[in-house]
Amino acid sequence: MGDQAVKLSTKGRYAVMAMVDLASHSNGSPVALADIAERQEISLSYLEQLFGKLRKGGLVKSVRGPGGGYLLSRIPQQTRISDIILAVDEPIQTTRCSPGSPAGCHNNRGRCLTHDLWEELGNQIYLYLSSVALSDVCERRILGSSGMFHGTGGQAGSVAAQ
């Protein structure tokens, strides 16, 4: 997976919360960060940092002047949750080893016994978050704790509840 590792940090979680808020309240008009900050109980200065990264990542665009704020750059169905998290968080590895290096984290350059376990966990997190669109979250298509959801036919396909 290399540079596609996903870290579930506060930055990532707050960015997803803010993007869901933006998608839910926009209706084609810019949404002020102050309004998102109030609704989501996130500090405005923190949101400004996150939206700077989201803008650089091409996920939102800013509108200046009276009635200004932020708009989504693309429709919610085309915005993956993994895109949001990767835009605000530096990709990190789930193991102690250097990303993409055949050498391991032990002094003898060998890999620890749990290397493949943690690497595969990172893969699974990324695959799941890349299969969920912003619209799936906005429209509450994520089902309970089973991890199953009614998606919009994204990259990984949809899984129907039984």
Check your understanding: Would it be correct to say that Ala23 is more than 20 Å from Arg141 (Cβ to Cβ) and in contact with a Leu (Cβ under 7 Å, 6 or more places away or on another chain)?
Key -> no
**Study point:** Some residue of the range 89-96 being farther than 28 Å from Tyr46 by Cβ, of a type outside the set (Asp, Glu) and at pLDDT below 90
**Key:** yes
Point to revise | Residue selected from the range 30-76 under the condition charged (D, E, K, R) and assigned to a loop (DSSP other than H, G, I, E, B), by the criterion surrounded by the most Cβ atoms within 10 Å (Cβ to Cβ) | key: Arg74
**Study point:** In the range 7-29, the residues that are aliphatic (A, V, I, L, M) and either surrounded by 14 or more Cβ atoms within 10 Å (Cβ to Cβ) or part of a strand (DSSP E or B) (or both)
**Key:** Ala15, Val16, Met17, Ala18, Met19, Val20, Leu22, Ala23
Check your understanding: Out of all the residues in the range 107-124, is one or more modelled with pLDDT of 85 or more and of a type in the set (Phe, Trp, Tyr)?
Key -> no
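The values are calculated or read from the model by the stated rules, or taken from the named source; none is laboratory data. The structure presented is a predicted model; accordingly, all values stated were derived computationally and were not measured. Note: ideal-geometry Cβ built from the backbone for every residue, glycine included; neighbour counts use all protein chains shown.
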